[in-house]
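Colleague: My structure is below; once you've seen it, I'll send some questions.
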Amino acid sequence: MGRAVRDVREEERTSQIVEFGVGSGRFGIPVERVREMTSLGHLDRIAGAPPWIAGVIRLREEILPVVDLRLRLGLPSLEDERRSLLAELTRCREWHSGWVERVLAEGPKRTGVAKASDRDLCDERFWTGHIYDEVPRLRQIADRAHANHDELHAAIRDMHCASGEEPESTTSDLLAEVEIRAASFDLQIEELQRQVSEGTRPMVIVVTVDDVCTCLQVDRVHSVVSFRDAQRSPAPLGSLVTSDGTQLVSQVVKTEKDPRVVQVLDVDNLLTAAPRPAP
């Protein structure tokens with residue numbers, strides 16, 4: 001009986017982490033290791049530092065090193081990811097514009113164009129990319145683009161369903177509606193490109209290691225998350241150990257509102273460089 005009560009109490013015991021995003025991943029640090037969070041200020045590079053040391057910043061009267069978590073976790077740099085996303089957005093936007101032009105050129109009375117209203121033939125699926133799930137301002141633009149894209153396909157279906165007996169004025173109105181929806185969608189994707197190009201200032205989380213403060217550069221900070229012991233699991237070492245043998249993740253947490261897990265980082269190992277091999 002006593003053991004059962006103890007097990008229940010342990011399951012109900014809660015812990016807290018500061019949750020943040022790096023790339024499309026969700027990560028966390030025990031709240032007791034976090035001193036503060038702020039936006040990344042002026043960064044000075046340090047000669048000879050490991051690639052994942054972004055440099056140092058001045059935070060009030062302190063000079064603190066900054067760890068680029070993207071590079072430390074083996075992810076593309078923020079700038080590389082931005083360039084890749086812009087290139088993909090440009091490709092998809094050009095393809096989609098050409099697709100709309102073909103639809104308009106073939107007109108509502110051509111039977112061969114009926115397939116053009118099929119969403120499977122439209123390269124719009126890219127707009128649901130996972131990156132938008134983590135960036136609210138991009139998510140809002142993408143959501144507006146999705147809604148407008150649905151209206152565009154509805155307008156194309158109306159155009160295809162129009163009877164050949166419809167007066168010319170009605171046909172012109174249907175074509176005009178498709179053009180308006182297509183132009184609006186294109187403008188929203190253009191705005192998405194602009195927002196991606198401008199980017200956002202990364203955040204830093206100031207953590208303590210042996211009474212020494214270090215900044216972790218992250219893409220965005222979410223919130224403080226509480227979880228029960230029953231929600232945590234040991235880190236699956238096969239996928240969470242770096243090539244140098246350093247375990248960067250101590251455990252994973254299953255939250256109640258999201259199917260994805262939060263990877264809780266081992267702060268001490270994050271800041272420990274792998275030993276150089278003997279000559």
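Colleague: With a point put 7 Å past each Cα toward its Cβ, work out how far ARG194 is from LYS257 in nm, to one decimal.
Modeller: With each label point 7 Å from Cα toward Cβ, the separation is 3.1 nm.
Colleague: In addition: Quick one: check the C-alpha center-to-center distance for segment 57-99 versus segment 177-235, whole angstrom.
Modeller: Their Cα centres are 11 Å away from one another.
Colleague: Which residues in segment 199-222 place their backbone N less than 17 Å from a point set 7 Å from the Cα of GLU61 along the Cα-to-Cβ direction?
Modeller: Hits in segment 199-222 for GLU61 at 17 Å: 213.
Colleague: May I ask you to evaluate 6.51 cos²θ - 1.76 cosθ + 1.60, the Karplus curve with θ = phi - 60°, for each residue of segment 249-256 and list the ³J(HN,Hα) values in order in whole Hz, giving x for glycine and proline?
Modeller: For segment 249-256, the Karplus-derived couplings read 10, 8, 6, 10, 10, 9, 7, 7 Hz, x marking Gly and Pro.
Colleague: Of all alpha-carbon pairs in segment 170-219, indicate the percentage at a distance above 19 angstrom.
Modeller: Result: 60 percent of Cα pairs exceed 19 Å.
Colleague: Just grab the label-to-label distance for ALA47 and ASP173, each label 7 Å out from Cα along the Cβ direction, in nm (one decimal).
Modeller: 7.4
Colleague: Further question on the same structure: Estimate the FRET efficiency between VAL224 and LEU40 by the formula 1/(1 + (r/R0)^6), using the beta-carbon distance for r and 30 Å for R0, to the nearest 0.05.
Modeller: 0.90
Rule-based calculations on the coordinates, nothing more; no lab input. Computed from a predicted structure; not experimentally measured. For neighbour counting, all protein chains shown are included, and Cβ atoms are generated from backbone atoms with ideal geometry for every residue, glycine included.
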